[in-house]
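As structure tokens, the structure follows; a few thoughts come after it.
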Amino acid sequence: MHKLKQSLPANAVVNYLPAAFNTAEDWPMFQLAYVTAQVLGVDQQTHDAMFDAVWKGGDLSITDPSTRALKSRMPSIEDAANSTPKAGVPVDKFIAASKSFSVDLKVRTYQD
């Protein structure tokens, strides 16, 4: 995504749309984590950390690397919160924000 953004014209705008329609692959939790980061103003800092936690480190991966099957326990918002301290957000603050009215409202807006 970084390469794509750099190749776009200066007047182009990239907006991320946190979709949640694939419940089997835990998308609602990832949507909640992204919206929480947006509300906290750290979405730019946490986006790469969460991506890496899914695809590089495996902490937020939904599949078992040995079987390639979906894990029996999907990542939780608490697991996602553990990838945010590098952005300066304490885990407990991230979790509290994920349960806030403003986050809930924004998530509902994306679902419409």
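Is any residue of region 23-46 close enough, with backbone N under 11 Å, to a label point placed 7 angstrom from the Cα of Asp52 along the Cα-Cβ axis, and if so, which?
Under cut-off, by backbone N: 46.
Could you work out how far apart the two model spin labels at Lys5 and Ser72 are, taking each label as a point 7 Å from the Cα in the direction of the beta carbon, and quote it in nm?
3.9
In nm, to one decimal, how far is the modelled label at Val91 from the one at Val13, with both set 7 Å along Cα→Cβ?
In this crude spin-label approximation the distance works out to 3.7 nm.
Read phi for every residue in region 17-31 and hand back ³J(HN,Hα) as whole Hz from Karplus 6.51 cos²θ - 1.76 cosθ + 1.60, θ = phi - 60°, with x for Gly and Pro.
10, x, 7, 9, 6, 9, 5, 4, 10, 6, 4, x, 5, 5, 4
May I ask which of Lys56/Lys86; Lys3/Lys71; Lys5/Lys106; Lys5/Lys99 have a Cα-Cα span longer than 28 Å here?
On the way: Lys56/Lys86 16 Å; Lys3/Lys71 31 Å; Lys5/Lys106 25 Å; Lys5/Lys99 32 Å.
Among Lys56/Lys86; Lys3/Lys71; Lys5/Lys106; Lys5/Lys99, the Cα-Cα distance tops 28 Å for Lys3/Lys71; Lys5/Lys99.
Mind running the shape call on the chain? Use the C-alpha gyration tensor, a ≥ b ≥ c as the square roots of the eigenvalues: rounded below 1.5 for a/c, prolate if a/b tops b/c, oblate otherwise.
Note, shape of the chain comes out rounded.
Can you work out ³J(HN,Hα) from phi for every residue in region 91-107, in order, using Karplus 6.51 cos²θ - 1.76 cosθ + 1.60 and θ = phi - 60°, giving whole Hz and x for Gly and Pro?
Each residue's phi maps through the Karplus curve to give 4, 5, 5, 5, 5, 4, 5, 5, 9, 7, 4, 5, 5, 4, 4, 5, 4 Hz.
From the phi angles alone, apply the Karplus equation (6.51, -1.76, 1.60; θ = phi - 60°) to region 49-59 and give each ³J(HN,Hα) in whole Hz, x where the residue is Gly or Pro.
5, 5, 4, 5, 5, 7, 9, 10, x, x, 4
Mind listing the long-range amide H neighbours of Thr63? Cut-off is under 5 Å, sequence gap 5 or more, other chains count too, H placed in the peptide plane at 1.01 Å from N.
It is Lys71, by chain and number.
Bear in mind these aren't lab numbers, they're just calculated from the coordinates by the rules spelled out. Quick caveat, the model's predicted, so the values are computed rather than measured. Heads up, the Cβs are rebuilt from the backbone with ideal geometry, glycines too, and the neighbour counts pull from every protein chain shown.
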